[in-house]
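Following: one structure in structure tokens, then a few remarks.
What follows is calculated from the coordinates using simple rules that are stated; it is not laboratory data. The structure presented is a predicted model; accordingly, all values stated were derived computationally and were not measured. Positions of Cβ are backbone-derived with ideal geometry, glycine not excepted, and every protein chain shown enters the neighbour counts.
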Amino acid sequence: MSKLCVIGTGYVGLVTGTCFADLGSEVHCMDIDASRIERLKQGIMPIYEPGLEQLVAQNVKSGRLHFTSDINEALEGADFAFIAVGTPSGEEGEADLQYVRVAAEAIADLVDHPIVVVNKSTVPVGTGDWVADIIRRRRGGKPLDFAVVSNPEFLREGSAINDFMDPDRVILGSLDRTAATKVAQLYLSLRCPIMITDLRTAEMIKYASNAFLATRISFINEIATICEELGADVGQVAEGMGLDKRIGRSFLDAGLGWGGSCFPKDVKALAHMAVIHGSNPQLLQAVMDINRNQRRRVLLRLRKALGGLDEKVIGILGLSFKPNTDDIREAPALELIRLLENEGAVIQAYDPQAMDNASKVLTKTHLVKTPYEVAAGADALVLATEWNEFKQLDFERVAQLMRGKLILDGRNQWDADRLRALGFTYYGIGRGNNGNGNGN
Ligand SMILES: NC(=O)c1ccc[n+]([C@@H]2O[C@H](COP(=O)([O-])OP(=O)(O)OC[C@H]3O[C@@H](n4cnc5c(N)ncnc54)[C@H](O)[C@@H]3O)[C@@H](O)[C@H]2O)c1
């Protein structure tokens, strides 16, 4: 049985560690946040992720999954040290590697047996070499049998366990093929394609993949804007495009744009990497600009439709950056709320899972307990995150509760005709004549 140490027990580390334990390894998940570890020991999850609580409980019970805030204990006898710490955006848009450095230094200081260091965090191209240098330098001539393997993670919050257990591919990059093969063994039972490449290529595959997905969303949002001007329906455009096997349907949903803990920081970091190495990443810049403008366009539409925003009551449905997660990092809803509050709007909002996280950052917003409380007395209602709970609202009741009749469907989820029949003024994103994106 392989022994794994996972450094960083956030979305990626906790899911990765738990799934590897489930696949039969002995896993020690470690985090510097001692309270997070204490709660995990009591079976309390630090994040909302469907199915995770049960899988953690099963694997703790089996004796294969352990939690600790003691890095020494976690690294003792470990064959693999997975680094899964955060790599947030720095001031210039670069990936901040301070947590990766601390993890690498701990490995250099505490390990004296052969070990494979696996970078799971999303890190700039060249970081694998940098981690190896840190370890070598820090050892100061004291030998250590180690290799660095890049193993970028592609799981999506909300379906993380399934994504881990049934991945489209596993990417492994290393200068040391034997080490990469050892990591590949951990994934063999998943029977998925495993690609082994060099370190820098593996690191770039992660950035290029996220940037491409973000590009698809910004592309369809640009098409949505043009649809609004020309009276076409972007939903059907995406469907028609998606039937082409070369294009496919995924990541072609027009709306408020992308957010979350990955796309914004990864596209920014890739653009930064490009600039500081002498390239001019024009496409990436446009992808980011279009995304930011999606929120501003909604602000503009609300301001116009309501004749100003000062003291207008606006209900926001959904705060997490996408459904099935409590993660609010760079959530479009939050950016929109800040823009609206800045112009004097009074916001009442609700999310099925993200209320605790939201209450820490939204100090002015009225956080309420149901979608109907969001609608009560509102001049406009905005769908910001397409949770299932919002798909089948009782709109007769919503109509009675609201003060105004304006609906802005930021995720194109609702039936425009039906809402209009109930007396609402409906705006979608790029829904042209059918969705009446122009309000014509
Ligand atoms: N969240 C996702 O959906 C996702 C998907 C793919 C890749 N990634 C990448 O994975 C990495 C981790 O992301 P996340 O969302 O899990 O982050 P997170 O913020 O949820 O978790 C990071 C954890 O690392 C801990 N930590 C920081 N320094 C530490 C140290 N020295 N020792 C031990 N623990 C330490 C923090 O306390 C925190 O609990 C990032 O690079 C991210 O880009 C994230």
Any lysines whose Cα falls less than 30 Å from that of LYS360, other than same-chain ones fewer than 8 residues away, would be LYS41, LYS120, LYS265, LYS268, LYS312, LYS322, LYS369, LYS391
Please compute P(r) over all alpha-carbon pairs of region 3-197, binned at 10 Å starting from zero, and give each bin as a whole-number percent.
-> 9, 38, 38, 13, 1
Cα axis of helix 98-110 to longest principal axis of the chain: angle in degrees, 0 to 90, nearest 10?
-> 20
Measure nothing but the geometry: give the 0 to 90° angle between the long axis through the Cα atoms of 11-22 and the longest principal axis through the Cα atoms of the chain, rounded to 10°.
-> 60
Burial-style ranking of 156-162, 330-336, 387-393, average other-beta-carbon count within 10 Å with highest first, yields 330-336, 156-162, 387-393
Rg to Rh quotient for the chain, alpha carbon positions, Kirkwood Rh | 1.01
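Just the number, please: percent antiparallel of the DSSP beta bridges in region 3-197, rounded to the nearest 5. Don't skip to the end; give the middle numbers.
On the way: 2 of 28 bridges.
Bridges in region 3-197 are about 5 percent antiparallel.
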So, in Å, what gap is there between the alpha-carbon centers of region 218-287 and region 62-107?
-> 32
Got the relative contact order for region 211-436 handy, in percent, Cα pairs under 8 Å and 6 or more residues apart?
-> 23
Relative contact order of region 3-197, defined on C-alpha pairs under 8 angstrom at six or more residues apart (%) | 19
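Just check region 350-396 against the gyration tensor rule for me: Cα atoms, a ≥ b ≥ c as the square roots of the eigenvalues, rounded for a/c under 1.5, and otherwise prolate or oblate depending on whether a/b exceeds b/c. Please report the intermediate quantities before stating the final value.
Numbers: a/c = 2.21, a/b = 1.39, b/c = 1.59.
Oblate shape, in that a/c is at least 1.5 and b/c is the bigger or equal ratio.
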Expected 222 nm ellipticity per residue - DSSP helices of 4 or more, -39500 (n - 2.57), all of the chain, to 500 = -13500 deg cm²/dmol
Report the equivalent ellipsoid semi-axes for region 211-436 in whole Å, largest first, defined as the square roots of five times the eigenvalues of the gyration tensor built from alpha carbon atoms.
-> 28, 21, 16
